[in-house]
Every structure is written in C-alpha cells, then in structure tokens.
1. What does the C-alpha gyration tensor say about the overall shape of region 338-528? Classify as rounded when a/c is under 1.5, otherwise prolate if a/b is larger than b/c, or oblate.
2. Rounded if a/c is under 1.5, else prolate if a/b is larger than b/c, else oblate: which is region 290-384, with a ≥ b ≥ c the root eigenvalues of its Cα gyration tensor?
3. Listing D380, D42 from the residue with the fewest other Cβ atoms within 10 Å to the one with the most, what is the order?
4. Working from the alpha-carbon coordinates of region 233-364, get Rg over Rh, Rh being the Kirkwood radius.
5. How do S241, S367, S12 rank when sorted from fewest to most other Cβ atoms within 10 Å of their own Cβ?
6. Relative contact order for region 338-528: what percent, with Cα pairs under 8 Å and sequence separation of 6 or more?
7. Using the count of nearby Cβ atoms within 10 Å as a rough guide to exposure, how do H457, H410 rank from fewest to most?
8. Would you mind getting me the FRET efficiency between Y209 and K31? Use the beta-carbon distance for r and R0 = 41 Å, nearest 0.05.
Amino acid sequence: MRVAAYRTHKLSKYNGRYHRMIGKVVGPQGKLKPRKFLLGTDERAAELAMRRLEKLWSEIEVDFKRRARYAGISLPFEGSKIEFNPLTGELVDHPVDVLKTGPVWEAHTLAMAEVIRHGGSEIQVLPSPKLPPHIINTEKFNYVARIMDLRERFSVISFEPSDPVLYANQLRGVADRADAGLKHAESQSLRTRKLTGAAVRTKRGRTLYDAIQAYSDYAKASKHGGPNESKDALALKDAISDLPLADFEYDQILAIGDYWRSRPATKRYGGDGKQIAVDTVVGRLKTTSRFIRWLANSSAWEWKAPTEWRQSLKVNKHKIQTETERLELAAGPDHWTDGELQTLYRYATDRERLMMLLGLNLGYAHSELRSFRKEDIRLDEDPPLVRRLRSKTSQYFEAAIWPETSKALHWLAKSQVPKKKEDAIWVVLTEAGVRYPAKQPFANLWKKLYERVTKDHTDFRWLPFKHLRKTAYQLVLEAAESEEVAGAFQGRSKISSDSYASSYGRRIFGRVHQANMDVRKRLQPMFDAAPDAFTKPKPKGSPNISRGKREAIRALKDEGLDVAEIAEQVGVSRATVYRWIK
C-alpha cells in the first residue's frame, strides 16, 4: 500500500523517503525541467542534505552571473563548441549553453550534488587526461588552477586532489613562478626608484590564508596531525580574516585562541545554534599550534613566530564548560544499561553480535576493530588473551577472551574469506572480504540494528556505536572498583618503566582479567537472550516482520491459539502466521 506524500519545511516525503526539487536540468530536446533529489529515510540527514544542496544551487546561480559577465569559458575546437569538466579536466563535446539556458545543473555540479546527497563533504579532483597540443598549456587546465578555481566558486563542498604528489609538485611550481615574478617586480621597482626617486610598491606578499591552504594540502598529502588535520586547518579561516603574512603576529594568534575558547556555534546540520564541544575547542587549538610550528620551520615561508605565542593558545577546559556539562561529566559518559544490552543482543544479527562482544569484552571501538590483527590473539594462554598496543596512546593492552567471544571469532573465521591476500592478517573484514574503510566503518551496521529494535520498542534510546567502549569501561570500573584497572583495560594507564614494571604489569592485568570475567557473569542474561547465536548459517534475505512480532506469534501458538486468532492479535496475515510457526 502506498503512503500519501506530505511536505514539511520544503522537504517532501513519499513512501517513507524524503526528496526535494532543487534547480533545473536540461532535459530531452533542450527543455528545462526541475531536478529531483532523493534524500533517504532519515529526516535529519535529509534536512541537512537539502540545506547543503540549496546552498550549492545558490552558488551555481552566482557562478552563472559571473560566466554571463565574462561571456562563458568555451574554447573553439574542431568547429564545435567545447568546454571541460573542472572535476576531471576532460573535454565535453556539445556542452550545455548555460548563457542561453540560465543556471542549470551540469555534469560537474551534479557530481558534487551526489556527494552531498549521500552525506559526504569532500570530492576529489582528477588530473587532466592527455589533451590536444593547443589546449594542454592553457592555464585553466592546470591541476592546481582547477582546484583553486573550484574552491573559490563553491564553498559548500571541499575539493581535494586525487593525486596529492602531482598537486604538491605543481603547487611548488606555481609558488616558484610567483616568487620569480615578485623578484622581477622588485628589481623593476628598484630601478624605477633610482631613475625617478619615487617609492613604488609592487610586492603584494603572500597572505595568511595562502599559508593555511598550503598547510592543509601538506597535512592531506603527508597525513600529518591525523586524518582530519587538513579539514581542521581550513577551519582556522573561521577564526580570523585574511591578512598579509607579515602582519600575522602575537595579537592575531591570541585572537584565534579567543575565538575558539568562546565556543562559537557549530556548523553541523546547517547550524542549530549549539556551541561546539569542548574537545573540538582543544582540537582546533592543537591544530593552530601545529600550523604555527610548521609555518615557522618551513623554508618555503619567510615567517618568524612571535615569542610566547604558545601561551595565547592554552585553554582551561573546566572554565569553558557550562554548568550542565560539568554535571554530566561528573555523572560519567552515557552507557548502555544491562536491559538495553539484552534487547540489542536479542535483535542483532550474528555479525552485529560479534561487534557487540568485541566492544564489551575487549573495549573495542571503530579504530580498534579495524586494526584488530590475528596475531594479537593468544589462544595458548590460560585464559585465552588479546595482547596489543593501543594505536592512539601506544600503551600496552591485554584482556581475557570470553567463551562467547571465542565462539564468535571461530564463526567469523569460517564465514569470511579474504578477497585480497594482504587482508588475511585482519580479524574483522566486510562481508565482501575486504578491510573496513577508515571513516566510521561500523556506523551503518549499528544504525540498522537500532532501526530493527525501534520497530518494536519505539522509545528505545539511541547511542552511537562508540558507546559500547564506554559501556565496557563502566562495567570494568564497577567490577574492579578501581580507575587504574579500568584505565589499564582501555590501554590508557601507563605501566611503570622501572625495574618493577614487569611484575607490576602482570599484577595489574591479572586484576583486569578478573574484572573482565566478573563482567561476563553480569552479562549472562544478555547471552541467554540469544541462545542460538553463532550456530546457524546466515539467512537469505531479511524477515518481513519484526522480531517482536515473530516471537509473539510463537508465544501465542504455544498458548494454544489458532492461526486466525494469532493473526488478529499480532496484526499480520494468516500466511505470515503459518510461515513463522513452522
């Protein structure tokens, strides 16, 4: 049965899916028609995507006015009108004549829209392919020039080079040519002053934004500062206006620190007025520090850091927290209750149960799961152990493996086949047999489990996947009654490096193992909620009714009700009842 469509805040919904008409596209016979964007089933994500698409369309309209003012950017080639796709550098035969149609979606802007529609914020720009000789040297086909031009025209999405090495090499070439031009201008200025006695200024000099962009590109190519450093560096532009690099002194660095310490409103979800998190403030200030150190030490930039600049970027986390945040911090992080864990485990698939066990037994979140190696598992120990270094802190970690976790790992080893030989070292692979991606690899899996639960429990609380790790910490803390033991369980407590370190490490991890086994006993009702876990092959397809309804059908059958009565009470067809009482 089809559900009637309705509209709310310009967002349309039909059959449970959101969509929005934005802008126009050239259809058959050159006629313009509205462009429909499908935005999924999540209202908040759809609302955010809609706002970003509307922002992109407004920038397309501004770009049209610019193109109209400069009479287009087409080039003559073999007697036909030729343009190029700035994302790929490829020539486009018979392009849309935007000057006649008005602003419309084109191939490159539709590619940007697709990224936004799926929740992305970054698109890669490809190097230009081999082009005709009379076009290859055209400045606008230059890799750096195309990326810079896109960044100036469209702000709603980030443009990154797919080939960072080529981009960096061309960027150095651009900088060298600019330096050569400045030197030539300075020599001409000096000659003019000698001839006329007048002071002539021709050197513009590089700006702070130039340096920020260069640092962002460097962080992107070298992975300096972590996977988000490149984007975090660009966020520094929010804290200060552009200015000549020579004017970037202590007062300006202090202004950046003051901006982030004021906790400005977040830009996520279109900006809802909520202040950025305290951890975000700390992260932005650390990025600023790394940028300043790079800028001062780089031979490509003639800039000297002012003395005492580090003082201007310090922050007292307690002072910038609100009273509510301090109370929440005192109460501890959100974590799942025992009853909630039972419900999640009962509704989960075996793959989702495996993730839960690794989160609760070993304290694993995204990065730990993705980097979990087979060599970390020590089955010859008593009890069997996992031993590894925590990637974030490089601290030693050790935990006893529960029998349920061991059973799940054996199930996984039998059910997954690595697609590539190099992926055979990892414990957890995707169902396709490849390593999980770096960015939030388990978020979709966790969301599907939550949606399954809320079909029967509409008020069930949402917590992200990473809260399994927080829950594991809380459970070990309560079992051991020791923050030191809980810290060692999560690879945070630093074991002493003196002569007693080895005996002390054995003692502290002995307490970790005992606390971990006490947690297992506490979670026995969770295991009992899914007694057939890891015993059956993966079913083909998915059930057409929720687990709650399936269990209700079986329970009513056990009570002696006939098929018609069960169908009426549960609200399903008789055929469905017959299917699930077999």
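1. Because a/c hits 1.5 or more and a/b fails to exceed b/c, region 338-528 counts as oblate.
2. Since a/c reaches 1.5 but b/c is at least a/b, the shape of region 290-384 is classed as oblate.
3. With the fewest neighbours first, D380, D42 line up as D380, D42.
4. 1.15
5. Sorted ascending by nearby Cβ count, the order is S241, S367, S12.
6. Relative contact order here is 29 percent.
7. H410, H457
8. For R0 = 41 Å, the calculated efficiency reads 0.45.
FYI, it's all coordinate maths here, none of it is from the lab. It should be emphasised that the depicted structure is a prediction, and the values quoted were computed from it without experimental measurement. All Cβ positions, even for glycine, are placed from backbone atoms using ideal geometry, and neighbour counts span all protein chains on display.
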